[in-house]
Amino acid sequence: MLSPITSEKSNRKISSFIKSKNSVIMSRENFGSDADGFYGEISEADVHIITSSGLRIPTHSTLLAAASTVLESILLRPQKRRSSDKTIRILGVPCDAVSVFIRFLHSFTCTEEQMERHGIHLLALSHVYLVPQLKQRCTKGLAERLTIENAVDVLQLARLCDAPDLYLKSMKFLSTNFKKVEETEGWKFLQDHDPFLELEILQFMDEAELRKKRTRRHRKELNLYLQLSEAMDCLEHICTEGCTSVGPHNKESSQKRQPCSKFETCQGLQLLIRHFATCKKRANGSCLRCKRMWQLLRLHASVCDQPEDCRVPLCRQFKVKVQQRGDDELWKSLVRKVVSARAMSSLSLPKRKREEEPRMNLSHHQVINFRLAD
């Protein structure tokens, strides 16, 4: 079993998790050339790491104590047997993973190949023996190597090893690829042995879907407020300068006037104004298009900060009416959101264009009629 740190129960869970994945314990014969090279680098070792297969890895107690406070406490612990040969047992983990772990404690380096082969075991060791540099490296490395097959295993280990970044990334990966992940052996193992984690995953997926719906709804609402903000700009533009077919009553019509930069919105608003000016049902309030125009004029008055100089029809009249009667909370909320959308839209414009837009001619104080082109 792995040596204890802050929570013996947590370490037993990690050890059990690794064993449940049928980790291969390598013998001295197939340990590989890496270990031989590593042994060659160690001279005058004063402590040996003993692995599950009985392999003894020589190392220095000073380096171990400097790299891990847990190993330091184990080294300071009095040994049961009187012997000059100090030993530390690291069991339940493949021998080559232990060798890579000890090498990291000496050099604080880990190759991509080593991370590819032993990342899961190195994360467990870094957590148990409190080696934050290796834990950070494993967290990043395992997150980059998430696959359909290992997603469940990495998620379980991330939870056991208190690696929140890796846990969140594993959750998101699993949620995105759930249909494929639920066909794996890892998911079936999870369903049989950890129903609480299964429930946690399903709850995360439900919450993620709710967040997506809220985001889509928010974007839809924001788009509506941006459209209303653009309509306010176009209304001021039509009433101040005029557009292709509608303009101020005191300006001569110009057949050569080119469409403005927001012509799609301006064109719709011009059609609405032309209808509003000639509709016979406007007086009794039975025309829906006219009601829409009244709402736009009222909205403009609510967001306009220059009613005395404004050239939009009925702006000042609506302002006076609001001062006398007030607005309901729903309308006030709409006005706040449109004002916010206008500010966002203004900030998104290039600086030069923002400086040019306020220079509209506002010298005439009152214009209450539109000019409709023939």
(request) Could you tell me which of 93, 75, 119 has its Cα farthest along the dipole of region 44-143 towards the positive end, charges placed at Cβ (Lys, Arg +1; Asp, Glu -1), taken about the Cα centre? (result) 75
(message) Using amide H atoms built in the peptide plane, which far-off residues or other-chain residues are under 5 Å from residue 49 H to H?
(response) 57, 59, 88
(request) Please give the net charge around residue 129, taking every other residue with its beta carbon less than 13 angstrom from that of residue 129, where Lys and Arg add +1 and Asp and Glu add -1. (result) +1
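For region 263-341, what is the relative contact order in percent, using Cα pairs closer than 8 Å and at least 6 residues apart in sequence?
Numbers: 41 pairs, mean separation 15.3, N = 79.
The normalised contact order for region 263-341 reaches 19 percent.
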(message) On the Cα set of region 300-341, report Rg and Dmax in Å, please.
(response) 10.5, 28
(request) Lys and Arg at +1, Asp and Glu at -1: add these up for the other residues within a Cβ distance under 14 Å of residue 69 and post the number. (result) +1
(message) Considering just Cα atoms, how many Å³ per residue does the convex hull of region 149-261 enclose?
(response) 147 Å³
(message) So for each of 170-180, 92-102, 185-195, 281-291 I average, over its residues, the number of other beta carbons within 10 Å; can you give me the resulting order with the highest mean first?
(response) 92-102, 170-180, 185-195, 281-291
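List, in the order given, every pair from 172/212; 135/179; 140/213; 212/337 whose Cα-Cα distance in the structure shown is over 24 Å.
Working: 172/212 13 Å; 135/179 30 Å; 140/213 30 Å; 212/337 21 Å.
In this structure, 135/179; 140/213 exceed 24 Å between Cα atoms.
Roughly how many Å² is the accessible area per residue of region 252-332, as a whole number, for a 1.4 Å probe? Don't jump to the answer; show the numbers that get you there.
On the way: 5510 Å² over 81 residues.
Each residue of region 252-332 exposes 68 Å² on average to a 1.4 Å probe.
With every protein chain kept in place and ligands, DNA and RNA left out, what is the accessible area per residue of region 44-143? Probe 1.4 Å, answer in Å². Can you show the working numbers first?
Details: 4730 Å² over 100 residues.
I get 47 Å² per residue for this part.
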(request) Could you work out the Rg to Rh ratio of region 258-333, with Rh taken as the Kirkwood radius (inverse of the mean 1/r over all Cα pairs)? (result) 1.00
(message) If you take every residue apart from residue 60 with its C-beta less than 10 Å away from the C-beta of residue 60, what net charge results, scoring Lys and Arg +1 and Asp and Glu -1?
(response) -2
(request) Return P(r) of region 44-143 (all Cα-Cα pairs; 10 Å bins starting at 0; whole %; ordered from short to long distances). (result) 15, 51, 28, 5, 0
(message) Per residue of region 200-211, what does 6.51 cos²θ - 1.76 cosθ + 1.60 with θ = phi - 60° give for ³J(HN,Hα)? Whole Hz please, x for Gly and Pro, Karplus curve as stated.
(response) 5, 5, 5, 5, 4, 5, 5, 5, 5, 5, 5, 5
(message) Please report the carbon-and-sulfur percent of the accessible area for region 44-143; probe 1.4 Å, protein heavy atoms only, DNA, RNA and ligands left out.
(response) 51 percent
(message) In whole Hz and in residue order, list the ³J(HN,Hα) couplings for region 307-323 that follow from phi through the Karplus curve 6.51 cos²θ - 1.76 cosθ + 1.60, θ = phi - 60°; x for Gly and Pro.
(response) x, 5, 9, 6, 9, 7, x, 6, 4, 5, 4, 5, 4, 5, 4, 5, 4
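The values are calculated or read from the model by the stated rules, or taken from the named source; none is laboratory data. Predicted model only: the values in this text are computed from it and were never measured. Here the Cβ is made from the backbone with ideal geometry for all residues, glycine too, and neighbour counts use every protein chain on show. Just the protein is used for accessible areas: all its heavy atoms, side chains included, with ligands, DNA and RNA removed. Shrake-Rupley method; radii C 1.70, N 1.55, O 1.52, S 1.80 Å.
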